[in-house]
Amino acid sequence: MTDIIGSLNLEVLKLPLGCIRIVELPMAILAFATTSGYMASGYIKLPFDCKPDKYTVEFGYSFNIGGTELPKDLCNKSSLSEMGNTLFEQGFSSSSQFFVFVGVISFLYVLGILIVYLKYWTNYENDPKFAMIDFTVTGILGVFWFFASCAWASGVSGLKSVTSVDAIEAVMKKTVPCSTKECQLVASWNYASLNVSLITGFACVALWLANLWFIYKETTWSKNRQVQTTVGSVADPASSGISSGQSQPSYR
């Protein structure tokens with residue numbers, strides 16, 4: 001174990017390039033974990049003469065809840081299979097799954113590129129292919145984070161709307177016995193973890209796109225430009241001497 005650690009170039013982690021990668025790692029985990037681990041559960045409390053006396057309402061990742069229905073009669077156990085009242089008209093599985101997908105592949109990529117930084121940094125500096133591939137993949141994932149976060153923000157907004165207490169109670173009051181007797185919705189869920197996932201998602205957009213600058217500095221595009229700038233600055237004194245009328249030595 002000591003030999004393995006000793007072979008790693010830990011100095012890379014002090015560079016902005018490596019430091020940002022260290023931050024990206026837990027941020028990616030937090031983004032997909034707070035989304036994929038979400039589960040909400042509540043129940044409709046029915047009048048005392050109903051058996052059973054409550055009906056469970058649940059939803060969670062991947063939020064494929066579109067078309068979920070309530071039974072026509074909640075009070076009669078034998079008729080619970082007879083659906084007729086749409087509880088959730090819209091699902092949000094596509095946006096949530098895309099967000100989690102981007103989080104997972106970003107996590108895996110950061111793990112992989114950190115191994116390259118720590119183990120093969122010399123190759124990374126000397127072979128332009130490493131930095132160019134890193135720049136391209138980071139740019140693509142940064143764009144993915146942007147679209148995934150925007151889509152999931154819309155999804156969370158819609159989810160909050162269709163799973164609100166008012167929306168569920170409106171459907172609940174169309175069922176038996178809630179249409180004629182008092183029923184109570186006990187909703188124990190909240191959206192805190194989903195809000196965290198959105199904050200983390202947009203933070204990842206900033207991190208990944210900001211990291212492009214530091215990766216760009218390692219590419220041949222940046223290095224060639226620096227060389228051209230250096231050559232131009234060296235040539236300036238000679239050209240300025242000619243333009244100012246200074247005589248130039250002639251060699252025969």
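Every number here is computed from the coordinates shown, using simple stated rules; none is lab data. Being a predicted model, the structure only gives us computed values, none of them experimental. Ideal geometry is used to build each Cβ from the backbone, glycine not excepted, and the neighbour counts take in all protein chains shown.
Okay, here's what the table says:
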| quantity | calculated |
| --- | --- |
| Per-residue ³J(HN,Hα) for the range 203-220, Karplus 6.51 cos²θ - 1.76 cosθ + 1.60, θ = phi - 60°, Hz, x for Gly and Pro | 5, 5, 4, 5, 5, 5, 6, 5, 5, 4, 5, 6, 6, 4, 5, 9, 7, 5 |
| J(HN,Hα) series, the range 134-145, from Karplus relation 6.51 cos²θ - 1.76 cosθ + 1.60, nearest Hz, glycine and proline x | 4, 4, 5, 5, 4, x, 5, 5, x, 5, 4, 4 |
| Fewest-first ranking of CYS150, CYS204, using other Cβ atoms within 10 Å as the exposure measure | CYS150, CYS204 |
| Virtual paramagnetic centre 7 Å along Cα→Cβ of SER7, amide N under 15 Å, in the range 111-129 | 115-123 |
| Overall Cα dimensions of the range 34-154 - principal axes, largest extent first, Å | 78, 23, 19 |
| Rounded FRET efficiency, nearest 0.05, which uses the C-beta distance separating SER94 from ILE22 and R0 of 22 Å | 0.10 |
| Order of GLU169, GLU125, GLU24, GLU218 - criterion: other Cβ atoms within 10 Å of each residue's Cβ, fewest first | GLU125, GLU169, GLU218, GLU24 |
| FRET efficiency estimate (nearest 0.05) - Cβ-Cβ, TYR120 to VAL143, R0 25 angstrom | 0.40 |
| Under 5 Å, built H, 5+ apart or other chain: amide partners of ASN9 | LYS119 |
